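The values are calculated or read from the model by the stated rules, or taken from the named source; none is laboratory data. No experiment lies behind these values; they were computed from the predicted model shown. Here the Cβ is made from the backbone with ideal geometry for all residues, glycine too, and neighbour counts use every protein chain on show. Ligands, DNA and RNA are stripped out before the accessible areas are found, and what is left, the full protein with its side chains, is counted by its heavy atoms. Shrake-Rupley method; radii C 1.70, N 1.55, O 1.52, S 1.80 Å.
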Amino acid sequence: MIVLLYACVGDACFAASLCLLCKTTCEWLQPVLHRSVVLTTSRRIIAFERTLRLTPRLSQAVHNLWIGPDNTHEQRDLFYASSAWPVTLLHQILVRCTNLQSLALINFAQHLMYRIVGVIPASVTSIHAGPVHGHFDVRHLRCAANLTRVTSMDTYLSDWEVQELIGAPFLRSFRRFYSTRTAIEYAFDQLGAVRVGRLLEKMEITCCTGSEDLADTMEILKGLAHGREGSDDDRIVVSARTSRDVDGRSDGIRSFYDDWVEGLDTGAPDCVVAGAYRSVSDAPILCGILG
């Protein structure tokens, strides 16, 4: 069994083919295949919901779940506010995945968020969402007592929304992720909100850039933070990372996906299903503490 598991680490297609060997092999590998799940099209969401409905035991194996496109240039049918989003099936998936730890919702329209927030499993400790994900009402999050990490991409948040999130009971890390420098100054305007996060360990602002010269971007970010309320708090961190794909195109969603993968508790060994890659890109990252 161990040999089979290690043979399919990082290769979901090979792992899936091994499941065809026999019933026993399939029973060994299916939980491994479903630990980290990436659903980039409505067709995959529909198929995954059916799998969980027909094989309920697999829902307990799902720890990490990405829903939405994994790159900017191939968003297929799950573009922002698309009518292809099967919201009811997403509801059913989240209800079943009671061991879920990390959840990412990409391109999920803000006017639909209220239909999902109430069924995010209580076990979730980390949420990635964006762009323009709408309001996360902490009061209605079943996972509020376990939620330690929130990463928001390209979303305007009012002062009171930032304070509400940072003041959540067990939140340790609040991160603002920007695919470009557009509107990033709003995040620096709200650095003072860190004072309400008594248990907060880090408030991070990350900016993606198409340039390889991250040092210049870091200097710009530090300049934006200079002199603002809260900028002298050592919990404030700024970071920059490149966002170019293998073809040299700027790709904010792919960079966001890499960021999500970096933070996963993937276990060992581990595979990622739905054709997703396990290893993150080699894009460099620079990080610095203000103050």
TODO: Work through the residues other than Phe177 whose Cβ is under 14 Å from its Cβ and net out their charges, Lys, Arg +1 and Asp, Glu -1.
DONE: +1
- [ ] Could I have the simple spin-label model distance between Thr98 and Asp245, label points 7 Å from Cα toward Cβ, reported in nm to one decimal?
- [x] 3.9
Task: Contact order normalised by residue count of the stretch 164-262, Cα under 8 Å, 6+ apart, percent - done: 31
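Over the stretch 70-170, give the accessible area per residue in Å² for a 1.4 Å probe, as an integer.
Spelled out: the 1.4 Å probe surface of the stretch 70-170, per residue, equals 40 Å².
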- [ ] Compute the distance in nm between two label points, each set 7 Å from the Cα along the Cα-to-Cβ direction, one at Ile285 and one at Thr148.
- [x] 1.6
- [ ] Loop only per DSSP, at most 14 neighbouring Cβ atoms within 10 Å: give me the GluC sites (Glu not before Pro) in the stretch 127-201, ordered by residue number.
- [x] Glu201
Open item on the list: Under a crude label model (7 Å from the Cα following the beta-carbon direction), how far is Arg76 from Tyr114 in nanometres?
Closed with: 3.0
- [ ] Please give the peptides 77-89, 31-43, 242-254 ranked by average Cβ packing (other Cβ atoms within 10 Å per residue), highest first, as a rough proxy for protection.
- [x] 31-43, 242-254, 77-89
Open item on the list: Run the numbers for Ser83 and Ala183: contour at 0.36 nm per residue of separation, minus the present Cα-Cα distance, in nm.
Closed with: 33.3 nm
